[in-house]
Amino acid sequence: MKQQFTTSARQTLFMAFLCLLTLWMMTISASLSAMEKPISITKGQPVPSVNVLGKDGKAVNLETLKGRVTLISIVPQLNTPVCDEQTHQFSERNGGLDQLMTFVTLSTNTYEDQQTFATEANIHNMTFLSDAPDYHFGTSSGLLFEQLGILHRAVLVLDYQGIIRYVEMVPMGQLPDFDHALQVSRSLLANVS
């Protein structure tokens, strides 16, 4: 009888834990949805003309990306598994496109943290840009989760004139469609050649 009570008590505690976990996940999901502002970044428009921080904390206006086809991989926070995977995939599995175009990782990590990440990850074929601490890009594009101080996961591909030709909004815990983004990049390169 004592063992049945213990098993029953364990089952009750486990069910209570599952209920609390489900409630917590629903609350987080609702909070993220409530934080979302209208996303104003769309295909066919120029990339926002805003300053972000580049290497050594120097201001870089996104308009300087004109002149080359550019893929911007937007990640919420480096040093997290999905963001790291996204960054490594575009760096290491781009089929040589990094020799023909520019690859950018944009996040709200500080530029110092980005430089440390790039060095430790041995990534030298990407430009790292930080939207912290002022969030100019996130605010102008609607991609900022203000309360969390992170950007929505996304991928943009810009043509030679800095016009956005591809936008993929990616759910927070998922990876983007690497093949499609790289295919659009190849197409833009082919149209100019």
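So Gln77 clears everything in (1) in a loop (DSSP other than H, G, I, E, B); (2) more than 12 Å from the chain's Cα centre (by Cα); (3) in contact (Cβ under 8 Å) with a residue 60 or more places away in the chain except one condition, right? Which one?
For Gln77, the exception is condition (2).
The conditions are (1) under 18 Å from Thr64 (Cβ atoms); (2) free of Cβ contacts under 8 Å to residues at least 60 places away in the same chain; (3) not basic (Lys, Arg), and Asn191 fails exactly one of them. Which is it?
Here Asn191 meets the rest and fails (1).
I'm trying to understand the selection: among the residues of the range 74-109, which are in contact with a strand residue (DSSP E or B) (Cβ under 6 Å, 6 or more places away or on another chain) and of a type in the set (Val, Ile, Thr)?
The answer is Ile74, Val75, Thr87, Thr102, Val104, Thr105, Thr108.
Any idea how many residues of the range 97-108 are surrounded by 17 or more Cβ atoms within 10 Å (Cβ to Cβ) and out of contact with any Asp or Glu (no Cβ under 9 Å at 6 or more places or on another chain)?
6
With respect to Val50, determine if the residue is touching a residue at least 40 places away in the same chain (Cβ under 8 Å), more than 16 Å from Ser107 (Cα to Cα) and under 19 Å from the mean Cα position of the chain (by Cα).
No, not satisfied.
Of all residues in the range 83-96, which are surrounded by fewer than 18 Cβ atoms within 10 Å (Cβ to Cβ) and not in a loop (DSSP other than H, G, I, E, B)?
Residues satisfying the conditions are Asp84, Glu85, His88, Gln89, Glu92.
Return the residues of the range 118-145 that are under 15 Å from the mean Cα position of the chain (by Cα) and of a type outside the set (S, T, N, Q); say none if nothing qualifies.
Matches in the range 118-145: Met126, Phe128, Leu129, Asp131, Ala132, Tyr135, Phe137, Gly138, Gly142, Leu143, Leu144, Phe145.
Could you tell me which residue of the range 43-79 is nearest to Phe117 (Cα to Cα), considering only residues that are hydroxyl-bearing (Ser, Thr, Tyr) and loosely packed, with under 14 Cβ neighbours inside 10 Å?
So the residue we want is Thr64.
Only the coordinates and a few stated rules stand behind these numbers; no lab work does. For clarity, every value in this text was computed on a predicted model and none was experimentally measured. For neighbour counting, all protein chains shown are included, and Cβ atoms are generated from backbone atoms with ideal geometry for every residue, glycine included.
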